[in-house]
Structures are given as structure tokens and as C-alpha cells.
């Protein structure tokens, strides 16, 4: 419940930021911001390189006396590789700006670059809290990342900074939360021998990081591909709806977070209880997700026209409904999408995500070009539905578990 509440607060703040950007600066500014954010999230996977998943997987299953070495080594590796990627991200800004034909995107990426370093280390700190099942602190910092971004937006407006600098709120939000997260885990990390853990973390992450990269590509490729074929204001209206839908989906991510350390231990013990755990949750999640989707779609269609005069934003309820329909179709399995990773099979998990994203990107390329933002929404919905088929097939083949 702490995680659901945290995500609810973060969702309200995230949606509020998007609405305020649209209201104060227009859909073109929102489109630029969300294209920067899409590139930022893709590069963030390179910055983390899957090391946070190694921290969670090994930390949750390890005896207490080994955890300090596991956690300390993970944070050191994350900080080192994230520094390099942040520099590359800044250097790549002109190229990305030319790709989407928007100089403002290039400038915005420079303002967001410091946030990449903080983002990656934050993922490690949160993985430590998750592996220790300190879910209240996890919830506070996970939600706090978006809350502080909202606070940073207020400071941005008061400082009257140029609109192209808007992505600086990503850096400010992540930096503030990083300070608090490091304070919270100070007793779980520190000096001492780390043995072979830096190398083990890097190898585990290198085998599985592509899954995170592909996952972010699957959730951001629609915005980036639409940015190639459509103007910034159309991208802004579509991304407003897409982010609203992602906010609703975060409830399922909260369930995944809570199931992670439990299923890691069940899988380490042989996996005999995993099928029963999935079966108990699946139907309830599907029913709950269907109810939430109906209420959310009706609420979006009724409320958004009351708070926005922009005709593009008012008409975006169609994109929202299509995307949320796909999310509801996959909801029962969403909390268990990382079963292969939790079982210590990062390579197979990467293959799973690559198959899902490959199909999704192909759908995006075909449907965006044919039908614009409506096509992007349909492609996303079909990708969510396809993910269930792919998950069940690979889990059955690799882990011999029929979920």
C-alpha cells in the first residue's frame, strides 16, 4: 500500500508537470520535453547497465554478512559507468536534435545530462532497499523522484529560465533524492573488501542490461518515431496521453516491486511455489485492472477537456483509451514480467524483451507512418498484449513453469 500510495502521488505530480508545461508553455514545449525525456530514459539504461538488477537478485538471496560487499560494489560500479554515459549523452545531443529535427531537443539534453549520473546511482540505492524489503523507504524515494521534479518545475518557473532549459528539472529531482537515498542506506554500505563483486555485478548486468534498454525503447519508441513523422505539438498531445496511461500502469509496477524479493527466494529454492503465487494474483489483477481502465478512460475523456483549451490535448483521450486497453490486456502478467531475470537468467530475459520490443518497434514504424498518433497508440496496445504470449512461452521453455 505504501508503494501504491507513493506511485499515486508521483503519478499526480508527473501528470501535473506535463499539464503545467502544456498550459504554461504550450504543446510544442511539452513535445520537446518528452522527446528529451525519451532519449534520457534510453541512455539511463546504458548508465545503469543492469547492475541494479544484480544488486537486487544477489542481495535478496545472500546471507546478511555478504550484503555490505554486494551493495558497496554495486554502487561503485554504477557511479563509474554512469559518469561515462552522462558525457556520451551530452555529446550525442546534436545528433539526436538533428534526428528529430528540433534544436531545442539538443539543448534540453545538455540540461538533463547531470541527471543521468544521479538516476543510475538512485536505481542502485533503491535496489538495496528493495532487496532488504524496506518497502516504506523504497516507496518514499521512488515517489520522491517525481515529487522533487515537480518542486523543481516550480523553482524553474520562479527563476524565469528559458523554456529550452526545462529538462533541468530531471537533474534537480534525481540529485535531491540521491542525497536522501544515500543517507538511508549509509549503514548497509561502506569500506571493506568487496572481493569479486564488482566484476560479478558488471557481468550479470552486461548479460541483462539490454532488457532494460529494450524495455525503455518499447515505452519511448512510439514518442521518438512519432517525432520523426509529426510536428512537436502533435508529439506533445500524444505524449500527454501516453504518460497519463503510464501513470496508471505504475500500480502494476508497484506489485512487481513487492513480489520481486519473494519470488527471487522462491526461485532460488527450486521454484515450486512460483506457479501458485502467480495463479493467486493473476485473476485478481486482471479484474482490478479492467475496473481501473474503465474509470480512468471515462475520467480522462470528461476531465481533460475541462482543464485544457488545446484541441489536440482534448482529442488525446482516444490515444489514452487505446493504450490503456492494451495495458489491461496484459495486466495479470505484468507483475511477473521479470521472472527470468529473478531466476538468474538475465540473458534469456534480454531475449524475451528483445522479441517483445522488436515486434513493437516494427508495429510503430508501420502504424505511425500510416495513421500518425492513432497508429502509435495501437502499436503500443498490441505490444502489451503480445508481451503476455512471449512471457508464457519463454518461462515455460526455460524454467519449465506453466504460468
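Which of (1) touching a helix residue (DSSP H, G or I) at 6+ places or on another chain (Cβ under 7 Å); (2) under 30 Å from residue 259 (Cα atoms); (3) touching a residue at least 60 places away in the same chain (Cβ under 8 Å) does residue 72 not meet, given it meets every other one?
Checking residue 72 against (1) touching a helix residue (DSSP H, G or I) at 6+ places or on another chain (Cβ under 7 Å); (2) under 30 Å from residue 259 (Cα atoms); (3) touching a residue at least 60 places away in the same chain (Cβ under 8 Å), the one that fails is (1).
Identify, please: which residue in the range 191-207 is over 20 Å from residue 350 (Cα atoms) and either in contact with a strand residue (DSSP E or B) (Cβ under 9 Å, 6 or more places away or on another chain) or surrounded by 19 or more Cβ atoms within 10 Å (Cβ to Cβ) (or both) and is, among those, modelled with the highest pLDDT?
197
If residue 89 passes every condition in (1) free of Cβ contacts under 8 Å to residues at least 60 places away in the same chain; (2) surrounded by fewer than 24 Cβ atoms within 10 Å (Cβ to Cβ); (3) in contact with a helix residue (DSSP H, G or I) (Cβ under 7 Å, 6 or more places away or on another chain) but one, which one does it miss?
Condition not satisfied by residue 89: (2).
With respect to residue 354, is the statement that it is at pLDDT below 90, closer than 25 Å to residue 54 by Cα and assigned to a helix (DSSP H, G or I) true?
Against the criterion (at pLDDT below 90, closer than 25 Å to residue 54 by Cα and assigned to a helix (DSSP H, G or I)), residue 354 qualifies.
Can you pull out the residues in the range 350-381 that are farther than 27 Å from residue 46 by Cβ and either within 18 Å of the chain's Cα centre (by Cα) or touching a residue at least 40 places away in the same chain (Cβ under 8 Å) (or both)?
369, 372, 373, 374, 377, 378, 381
Residues in the range 10-32 that are within 23 Å of residue 229 (Cα to Cα) and either within 17 Å of the chain's Cα centre (by Cα) or in a helix (DSSP H, G or I) (or both): how many?
Result for the range 10-32: 10.
I need the full set of residues from the range 152-166 which are under 26 Å from residue 3 (Cα atoms) and crowded, with 17+ Cβ neighbours inside 10 Å, in order please.
Within the range 152-166, the subset under 26 Å from residue 3 (Cα atoms) is 152-154.
Within the range 152-166, 152, 153 qualify.
The values are calculated or read from the model by the stated rules, or taken from the named source; none is laboratory data. Nothing here was measured: the structure is a model prediction, and the numbers come from that model. Methodologically, a virtual Cβ is constructed for each residue, glycine included, from the backbone with ideal geometry; neighbour enumeration extends over all protein chains shown.
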